[in-house]
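Some notes on the structure that comes next.
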Amino acid sequence: ADLRGRRVGVGQEGSGVRLVADRLLSAAGIHPQRDLTAVPAGIDTMPDRLVSGDLDAFFWSGGLPTGAVHELSQRFAIKLVPLDEELIKELQSNGGSARYYRSATMPADAYRYAQRGTSVPTVAVANLLVTTDRIDPAMAEAFTRTVINSRDRIGREVHAAQLVDLRTAIYTDPLAVHEGARRYY
């Protein structure tokens with residue numbers, strides 16, 4: 001509700017950030033075009049625009065930690081806004097592809113300067129490796145094995161990769177699991 005009347009970076013037209021921002025704002029009862037000044041900008045410019053006062057807030061979607069947000073938190077006091085369970089339920093109630101969003105927790109160490117040791121409830125969007133059914137199953141199986149076996153190394157750079165495991169990786173709804181990946185799992 002505090003975003004009403006504010007200048008808010010909502011992502012560029014046609015971007016995934018814009019889609020998520022519009023859906024979250026609507027779920028919170030805020031009309032994305034009428035209730036605030038929606039600024040079509042990307043993560044490449046939003047942090048500097050926040051610092052300069054051209055924006056009051058911005059949405060972003062990305063792996064943890066996102067470099068631009070981490071760097072911003074080191075040089076400028078920011079607050080990560082919690083997206084609570086009720087907001088996520090409202091978002092999911094809109095049906096369609098919005099039902100695939102889920103509640104998640106941003107780990108306390110993702111942005112230590114902004115979070116000060118506190119985890120933050122947020123919304124998660126699945127990241128999926130996508131291929132066609134024409135890819136040889138043996139290749140898909142080997143690729144899946146490589147990704148899962150490289151989880152810890154990848155996770156040093158992309159925090160979210162640390163959370164991937166066999167119990168969660170197989171859930172790709174609404175997409176079917178490739179035969180080769182299924183063999184590995």
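The table below gives the values:
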item: Amide H partners (placed H, <5 Å) of Gly9, local residues excluded; result: Val39, Asp56, Ala57, Phe58, Phe59
item: Computed [θ] at 222 nm, helices only, for the chain once each DSSP H run of length n ≥ 4 contributes -39500 (n - 2.57); result: -10000 deg cm²/dmol
item: For the chain, size of Cβ-based charge dipole, Lys and Arg +1, Asp and Glu -1, in debye; result: 180
item: Global form of the stretch 93-159, assessed from the alpha-carbon gyration tensor, a/c cut-off 1.5; result: oblate
item: Note, ³J(HN,Hα) from phi for the stretch 66-83, Karplus 6.51, -1.76, 1.60, rounded to Hz, x at Gly and Pro; result: 7, x, 5, 6, 4, 4, 4, 5, 7, 10, 8, 6, 10, 10, 8, 7, x, 10
item: Matching label, P(r) over Cα pairs in 10 Å bins from 0, in percent computed from the structure shown, candidates (i) 10, 38, 36, 14, 2, 0; (ii) 9, 31, 34, 20, 7, 0; (iii) 11, 32, 34, 20, 4, 0; result: (ii)
item: Using a Förster distance of 41 Å, the FRET efficiency for His31-Arg151 (Cβ separation, nearest 0.05); result: 0.50
item: Dipole-positive endmost among Ala140, Thr122, Ile43 within the chain (Cβ charges, Cα centre); result: Thr122
item: Spatial separation of Cα centroids for the stretch 111-185 and the stretch 60-76, in angstrom; result: 21
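Only the coordinates and a few stated rules stand behind these numbers; no lab work does. Just so it is clear, the structure is predicted and the values come from calculations on it, not from any experiment. A quick note on method: Cβ atoms are made from the backbone with ideal geometry, for glycine too, and the neighbour counts reach across all protein chains shown.
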